[in-house]
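Trainee: Questions regarding the structure given below will be posed in turn.
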Amino acid sequence: MTNLFDPVQLGELDLSNRIVMAPMTRSRAGEDDAPTELNVEYYRQRASAGLIVTEGTQPSANGKGYCRTPGIHSAAQIAGWRKVTDAVHAEGGKIALQVMHCGRIGAKANKDAGAETIAPSAIRAAGQMFTDTAGMVDFDMPRALETDEIPALIAEFGQATRNALEAGFDGVELHAASGYLPMQFLSTSANKRTDRYGGSVENRIRAVVEMLEAMSEAAGPGRIGIRICPGVVFNGIQDDDPAETYSTLLRAIDPMGLAYLHLILLKSPQVDGLEVAKASFTGAMILNDSITLGRGNELVDSEEAAAISFARHFLSNPDLVRRFREGADLQRFDRKTLYTPGPVGYTDYPFMIG
Ligand SMILES: Cc1cc2nc3c(=O)[nH]c(=O)nc-3n(C[C@H](O)[C@H](O)[C@H](O)COP(=O)(O)O)c2cc1C
């Protein structure tokens, strides 16, 4: 029987176990969106995961949506991340950077002066987000990218990957879920373009395929993953036919030889994401969302998943791997401190004693 404590190889990534820490935005980056010693400590504490996937990290100033999220586009940010990766590696862990471009999910108050909110189409998402200076505000009205601007956007993902390698990351994951920029290109509700990046499904998947190509060119495909959640209705996103969109996307990227597909399972009335993925993607899969230890063991034993990722359990249990191994109780997370600055609710969740 294979279980979550067994090692596994995902492309070029050698994991000592199959318990992955899922990406979590925690809004605790320092000055100029650079990681700090506090972030180093948080990730060091969780280094017994087979692989840590970091919080969503912007590849450019335009890519930032939320307050206090880190970037990977300046020398200070690369230097800050280098301390994080060194700490995780010193503990024997592995760590991938999640690249997250928020696209239209943004607010000027969270961005640097001069940065803009851009998207495939000038369609504002319904909803609001928190800002430090103005409290809750509506999402910005985005500016639609011109066709001749798209190569530079795609290049941001290649450059972010090169920067991540310079910062010592083992891999890079493209965040193509949750209604952010890559998913905005994929989805019929956010992409009304009439050029080669919109309209037909082949056109809607093009930007994401090109992002992955740019990332693979930078690091080799065996260090690149992609995260998707077919059918999710979040951040104002909606797709008329997610089964068609994601089967077309996965068939197009399957030959690339990526390290993994990170799939958020979702009960969607429109689509069974796992069925679509199994039918259209032959590489390794990391499955996520509210999966128990027992179910996770079943999924890796049946080879439906190569690994399982856990978000909230890792947030409140830095020693989650040990707790799972010993059948120990899990601590609950505190909702009030998910995104607050400072160590409380971040680096102060206790380890097991003894
Ligand atoms: C505080 C918090 C922040 C999150 N931020 C991200 C993120 O930056 N990128 C991402 O892909 N998913 C993000 N997620 C989603 C998680 O990775 C995961 O899909 C979700 O929590 C379900 O997994 P779980 O049942 O193990 O918690 C976040 C979740 C939480 C709780």
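Trainee: Which of (1) under 21 Å from the mean Cα position of the chain (by Cα); (2) touching a residue at least 60 places away in the same chain (Cβ under 8 Å) does R162 not meet, given it meets every other one?
Mentor: Result: R162 passes all but (2).
Trainee: Taking strands (runs of 3 or more DSSP E) that do not extend beyond the range 86-166, which have at least 1 residues that are away from the ligand (no atom under 16 Å from the Cβ) and either of a type in the set (A, V, I, L, M) or more than 19 Å from R68 (Cβ to Cβ) (or both)?
Mentor: In the range 86-166, 135-138 are the strands (runs of 3 or more DSSP E) which contain 1 or more residues that are away from the ligand (no atom under 16 Å from the Cβ) and either of a type in the set (A, V, I, L, M) or more than 19 Å from R68 (Cβ to Cβ) (or both).
Trainee: So, one more: Of the conditions (1) within 16 Å of the ligand (Cβ to nearest atom); (2) closer than 27 Å to K192 by Cβ; (3) open to solvent by less than 10 Å² (accessible area, probe 1.4 Å); (4) of a type in the set (A, V, I, L, M, F, W, C), V232 satisfies every one except a single condition; which number is it?
Mentor: Checking V232 against (1) within 16 Å of the ligand (Cβ to nearest atom); (2) closer than 27 Å to K192 by Cβ; (3) open to solvent by less than 10 Å² (accessible area, probe 1.4 Å); (4) of a type in the set (A, V, I, L, M, F, W, C), the one that fails is (3).
Trainee: Considering the range 255-273 alone, what residues qualify as being more than 21 Å from L299 (Cα to Cα), outside any loop (DSSP other than H, G, I, E, B) and open to solvent by less than 60 Å² (accessible area, probe 1.4 Å)?
Mentor: M256 - this is the single residue of the range 255-273 that is more than 21 Å from L299 (Cα to Cα), outside any loop (DSSP other than H, G, I, E, B) and open to solvent by less than 60 Å² (accessible area, probe 1.4 Å).
Trainee: Just to verify a result, which residue in the range 202-246, among those that are of a type in the set (G, A, S) and closer than 22 Å to G63 by Cα, is modelled with the lowest pLDDT?
Mentor: G236
Trainee: Can you tell me which condition A167 does not meet? The list is (1) open to solvent by 50 Å² or more (accessible area, probe 1.4 Å); (2) touching a residue at least 60 places away in the same chain (Cβ under 8 Å), and all the others hold.
Mentor: (1)
Trainee: Please determine whether any residue of the range 327-340 is open to solvent by less than 10 Å² (accessible area, probe 1.4 Å) and modelled with pLDDT of 95 or more.
Mentor: Within the range 327-340, none of the residues are open to solvent by less than 10 Å² (accessible area, probe 1.4 Å) and modelled with pLDDT of 95 or more.
Trainee: Still on this structure: If you go through the range 216-229 one residue at a time, how many are under 18 Å from P23 (Cβ atoms) and away from the ligand (no atom under 16 Å from the Cβ)?
Mentor: Final tally of qualifying residues: 2.
Trainee: With the requirement that a residue be within 13 Å of the ligand (Cβ to nearest atom) and at pLDDT 95 or above, what does the range 262-285 give you?
Mentor: H262, L263, I264, L265, G273
Trainee: Now for a different question. Would you pick out the residues in the range 52-66 that are over 19 Å from D348 (Cα atoms) and within 13 Å of the ligand (Cβ to nearest atom)?
Mentor: The answer is V53, G56, T57, Q58, G63, K64, G65, Y66.
Trainee: Same structure again: I'm trying to understand the selection: among the residues of the range 1-42, which are among the β-branched types (V, I, T), within 29 Å of D348 (Cα to Cα), open to solvent by 20 Å² or more (accessible area, probe 1.4 Å) and away from the ligand (no atom under 16 Å from the Cβ)?
Mentor: Answer for the range 1-42, where residues must be among the β-branched types (V, I, T), within 29 Å of D348 (Cα to Cα), open to solvent by 20 Å² or more (accessible area, probe 1.4 Å) and away from the ligand (no atom under 16 Å from the Cβ): just T36.
Trainee: Something else now. Which of the residues belonging to the range 286-304 are surrounded by 14 or more Cβ atoms within 10 Å (Cβ to Cβ) and either modelled with pLDDT under 95 or within 14 Å of the ligand (Cβ to nearest atom) (or both)?
Mentor: I286, L287, N288, D289, I291, L293, G296, L299
Per-residue answers, yes or no, for (1) out of contact with any Lys or Arg (no Cβ under 9 Å at 6 or more places or on another chain); (2) closer than 20 Å to I264 by Cβ:
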{"position": "Y180", "(1), (2)": "no, yes"}
{"position": "F185", "(1), (2)": "no, yes"}
{"position": "R193", "(1), (2)": "no, no"}
{"position": "C229", "(1), (2)": "yes, yes"}
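Trainee: Of all residues in the range 176-210, which are open to solvent by less than 10 Å² (accessible area, probe 1.4 Å) and either closer than 22 Å to D289 by Cβ or within 16 Å of the ligand (Cβ to nearest atom) (or both)?
Mentor: A176, A177, G179, L181, P182, M183, Q184, L186, S187, V208
The values are calculated or read from the model by the stated rules, or taken from the named source; none is laboratory data. What you see is a predicted model; the values in this text were computed from it and never measured. FYI the Cβ positions are ideal-geometry reconstructions off the backbone, even for glycines, and counts take in every protein chain you see. We work out accessible area using only protein heavy atoms, side chains counted, and drop any ligands, DNA or RNA first. Shrake-Rupley method; radii C 1.70, N 1.55, O 1.52, S 1.80 Å.
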